[in-house]
Amino acid sequence: MSDIDYKRKYEELEAKVKMYEQNGVAKLYYALSRKAWEMADLMNSTNLKAIPLDDPKDKTFDRMKVIWNDAASIAQAVDSLGKSAGFTGNEELDINKKPFVDTIAQSRQ
């Protein structure tokens, strides 16, 4: 391997390590929150009266049902994660904050 290949591999590994130093729960919370907003936008932009229910090839209604059937579980997950972890609303700060397990471990050293 050349020096350039070693450097690139080192940078890739360093980026992976940084991901593990982030708060994964916070990252998941904000990702699910964004998906909930996207689902709501999609549902709000779809007029059920305009869906051709008599067209067997049109799957719009079936796809909308999948979204609203999963909406409650996503909303509950976002709510539970937010309440249990006490996120600030500042995504970057929350994600880069050390998870409480690491903080406890460091305080015992």
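Can you name the residue in the stretch 74-86 that is under 14 Å from the mean Cα position of the chain (by Cα) and not acidic (D, E) and, of all such residues, is nearest to A31 (Cα to Cα)?
So, considering only residues that are under 14 Å from the mean Cα position of the chain (by Cα) and not acidic (D, E), the one nearest to A31 (Cα to Cα) is V78.
Within the stretch 1-55, track down each residue that is hydrophobic (A, V, I, L, M, F, W, C) and in contact (Cβ under 8 Å) with a residue 60 or more places away in the chain.
Once the filter is applied, which keeps residues that are hydrophobic (A, V, I, L, M, F, W, C) and in contact (Cβ under 8 Å) with a residue 60 or more places away in the chain, the stretch 1-55 yields V25, A26.
Taking into account only those residues within the stretch 69-101 that are surrounded by 13 or more Cβ atoms within 10 Å (Cβ to Cβ) and over 17 Å from R34 (Cβ atoms), which is modelled with the lowest pLDDT?
P99
The values are calculated or read from the model by the stated rules, or taken from the named source; none is laboratory data. None of these values were measured; they are calculated from a predicted model. As a convention, Cβ positions derive from the backbone with ideal geometry for all residues, glycine included, and neighbour counts pool all protein chains shown.
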